[in-house]
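Here is the structure we will look at, set down as structure tokens.
The values are calculated or read from the model by the stated rules, or taken from the named source; none is laboratory data. Given the structure is predicted, the values throughout are model-derived calculations rather than measurements. So basically every Cβ, Gly included, is an ideal-geometry build from the backbone, and we count neighbours across all protein chains shown.
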Amino acid sequence: MSNYQTEVKSADGLIKENQTPWAAINPEFVARMKLQNRFKTGLDIAKYTAAIMRQDMKDYDLDSSNYTQSLGCWHGFIGQQKMIAVKKHHGTTAKRYLYLSGWMIAALRSEFGPLPDQSMHEKTSVPALIKELYDFLKQADARELRSLFKELDAAKAAGDEVNTQRLQDSIDNYQTHVVPIIADIDAGFGNEEATYLLAKKMIEAGACAIQIENQVSDEKQCGHQDGKVTVPHADFLAKIRAVRYAFLELGVDDGVIVARTDSLGAGLTKQIAVTTQPGDLGDQYNAYLDCDEIALDDLNNGDVVIKQNGKLVKPKRLASGLFQFKPGTGEDRCVLDSITSLQNGADLLWIETATPHVGQIGGMVKRIRQTIPNAKLVYNNSPSFNWTLNFRQQAYDLMKADGVDVSAYDRPALMNVKYDDTELGKKADQMIQSFQQDGAQQAGIFHHLITLPTYHTTALATDQLAKGYFGEQGMLAYVTGVQRKEIREGLACVKHQDMAGSNIGDDHKEYFSGDAALKASGEDNTMNQFD
């Protein structure tokens with residue numbers, strides 16, 4: 001952050017150089033506008049946030065309690081309000097990011113209407129949302145700095161030198177709402193050239209971290225659904241290199257690549273990998289194919305034949321033309337994917353799992369770290385998991401293993417409300433509460449995110465408002481359920497005109513027109529009721 005007085009002096013000198021034509025320009029107002037618009041381009045943001053993320057990764061390597069977190073966004077306003085809330089409740093944005101979810105773009109931002117998470121939405125909507133998020137975060141900076149400037153004016157007018165210096169220090173050391181965004185590029189939306197072109201647009205919009213998965217682009221499925229099809233390593237590594245080239249071309253030398261493997265739940269492949277010698281990466285990929293041993297005279301038209309362990313075998317092929325992997329090989333394939341990705345340019349891993357189990361994740365990371373000692377994960381704390389049921393079942397199994405009598409509990413039905421206040425229910429809640437800390441310490445998870453939180457919070461809040469407003473409560477449902485809570489919780493958004501930039505605009509009108517400015521923030525503005 002530039003020093004406020006330095007910016008004032010710089011503007012003053014420039015104005016004096018231009019003499020009379022610029023005499024009406026106020027150097028203090030120039031300084032304020034510059035500080036309120038610190039980041040001029042998306043590349044400025046990408047470089048700034050990449051440095052933050054790299055330092056956070058170093059901090060985590062020194063101490064696993066330094067893990068990071070984020071929440072998924074589907075609109076700039078939601079991302080803005082998250083970071084305003086983080087600063088309000090926690091005093092700092094340190095180690096808090098935003099996540100841009102391809103799932104939510106598909107479900108909420110496509111011109112086709114709601115779509116499943118299958119890369120059918122417009123790929124231009126991905127960089128567009130990155131830009132939108134940063135536009136809103138920059139506006140949050142402008143609004144908060146404006147408040148500090150107004151307080152500074154009041155302190156100066158009152159001759160309060162102590163408060164003037166305090167506010168000046170607050171301005172000079174201001175912490176921006178602009179934080180790293182981990183942005184989902186799905187499977188790259190096409191071949192490696194398509195991946196490169198889209199990655200460039202995402203970086204130019206401000207992305208410092210791009211997450212890419214090893215599924216087939218035109219067969220892409222949500223990580224928590226069936227039917228996932230992976231690609232041979234060579235194909236995936238080409239796309240990782242494409243993203244790295246995009247970062248380097250644009251001067252974001254420390255951009256972060258998150259390599260996601262869906263192999264744990266993906267039992268299919270579209271291609272048999274190219275292999276030139278036994279034991280190479282293609283051969284390792286093909287070793288997991290589910291095959292039948294055959295003789296040459298067993299071949300039919302269209303059959304594909306490979307060698308496994310020196311034997312001639314025929315990979316099992318489905319009616320769709322896809323080949324299937326051997327059952328039970330998912331974890332081994334995840335480990336191979338992860339090691340290969342880190343050895344070829346990725347910085348972080350994302351292993352998509354079927355349930356949130358620290359032991360399972362930690363087991364895979366332990367194997368990966370035998371080759372890559374500082375391997376780190378991004379982990380999806382997904383709403384696709386039934387967290388209550390999963391952790392109650394984990395607690396049940398732990399209690400049973402410890403010799404505790406669990407006969408009072410029905411393991412398949414542990415979601416039942418009757419278990420909420422039981423020993424098992426409380427143990428499960430404690431495990432959920434400590435999951436992120438445990439995962440960071442025991443499973444190498446550097447970054448915890450929730451992909452779709454505001455999809456669900458929006459649905460829940462809207463459900464409750466509609467229930468009361470269209471029922472007997474009428475307007476009281478809004479007042480007690482929303483506005484009264486906003487006021488008493490100190491939410492700045494209760495002054496929605498100010499949040500949308502009305503007061504910032506009034507300042508600009510005053511800068512440009514002086515006393516002739518027609519401002520919206522006068523005494524008749526109903527927002528004054530919330531002062």
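Considering only the range 97-104, I want to know if a residue exists there that is modelled with pLDDT of 95 or more and of a type outside the set (A, V, I, L, M).
Yes; the residues of the range 97-104 include at least one that is modelled with pLDDT of 95 or more and of a type outside the set (A, V, I, L, M).
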Note: among ILE306, ILE294, just one is buried (at least 16 other Cβ atoms within 10 Å of the Cβ), at pLDDT below 90 and farther than 17 Å from GLY444 by Cα, namely ILE306
Is at least one residue of the range 176-184 assigned to a loop (DSSP other than H, G, I, E, B), of a type outside the set (Val, Ile, Thr) and crowded, with 16+ Cβ neighbours inside 10 Å? yes
Counted residues, the range 395-439 - those being more than 27 Å from ASN374 (Cβ to Cβ) and in a loop (DSSP other than H, G, I, E, B): 15
Matching residues in the range 186-199 - criterion: being crowded, with 24+ Cβ neighbours inside 10 Å and either small (Gly, Ala, Ser) or modelled with pLDDT under 95 (or both): ASP186, ALA187, GLY188, ALA199
When every residue in the range 75-121 that is in contact with an Asp or Glu (Cβ under 7 Å, 6 or more places away or on another chain) and more than 27 Å from ARG54 (Cα to Cα) is compared, the one surrounded by the fewest Cβ atoms within 10 Å (Cβ to Cβ) is GLU111
Which listed residue is under 30 Å from ASP44 (Cα atoms), in contact with a Phe, Trp or Tyr (Cβ under 8 Å, 6 or more places away or on another chain) and among the aliphatic types (A, V, I, L, M), from VAL258, VAL252: VAL258
Could you say which residue among HIS448, HIS456 is under 19 Å from LEU377 (Cα atoms) and touching a residue at least 40 places away in the same chain (Cβ under 8 Å)? HIS448
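From the list PRO383, PRO373, which residue is in the same structural domain as GLY255 (by TED's automatic domain parsing), under 27 Å from ALA238 (Cβ atoms) and either aromatic (Phe, Trp, Tyr) or assigned to a loop (DSSP other than H, G, I, E, B) (or both)?
One residue alone meets the criteria, PRO373.
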Quickly run through the range 234-264 and pick out the residues that are within 22 Å of the chain's Cα centre (by Cα), over 13 Å from ALA209 (Cβ atoms), of a type outside the set (A, V, I, L, M, F, W, C) and buried (at least 19 other Cβ atoms within 10 Å of the Cβ). LYS239, THR261, ASP262, SER263
Of (1) surrounded by 17 or more Cβ atoms within 10 Å (Cβ to Cβ); (2) touching a helix residue (DSSP H, G or I) at 6+ places or on another chain (Cβ under 7 Å), THR355 fails just (1)
For the range 15-47, which positions are over 38 Å from the mean Cα position of the chain (by Cα), in contact (Cβ under 8 Å) with a residue 12 or more places away in the chain and assigned to a helix (DSSP H, G or I)? ILE15, PRO27
Return the residues of the range 326-352 that are crowded, with 22+ Cβ neighbours inside 10 Å and either more than 24 Å from ASN381 (Cα to Cα) or of a type in the set (S, T, N, Q) (or both); say none if nothing qualifies. SER338, THR340, SER341
Which pairs do you get when a residue that is farther than 15 Å from ARG38 by Cα, found in the range 113-141, comes within reach of a residue that is of a type in the set (Val, Ile, Thr) and not in a loop (DSSP other than H, G, I, E, B), reach meaning Cβ atoms under 8 angstrom, with the pair 6+ apart or on two chains? HIS121/ILE105; SER125/ILE105; VAL126/ILE105; LEU129/ILE105; ILE130/ILE181; LEU133/ILE181
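Residues checked against (1) touching a Leu at 6+ places or on another chain (Cβ under 6 Å); (2) of a type outside the set (Phe, Trp, Tyr); (3) closer than 25 Å to ALA443 by Cα:
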residue: ASN37; (1), (2), (3): no, yes, no
residue: GLY42; (1), (2), (3): no, yes, no
residue: GLN55; (1), (2), (3): no, yes, yes
residue: ASP61; (1), (2), (3): no, yes, yes
residue: SER64; (1), (2), (3): no, yes, yes
residue: TYR67; (1), (2), (3): no, no, yes
residue: LYS82; (1), (2), (3): yes, yes, no
residue: ALA85; (1), (2), (3): no, yes, no
For GLY362, are the conditions met, namely being assigned to a helix (DSSP H, G or I) and touching a residue at least 12 places away in the same chain (Cβ under 8 Å)? yes
Tell me, which helices (runs of 4 or more DSSP H) wholly within the range 440-531 include 1 or more residues that are over 24 Å from GLY79 (Cα atoms)? 453-469, 475-478, 502-513
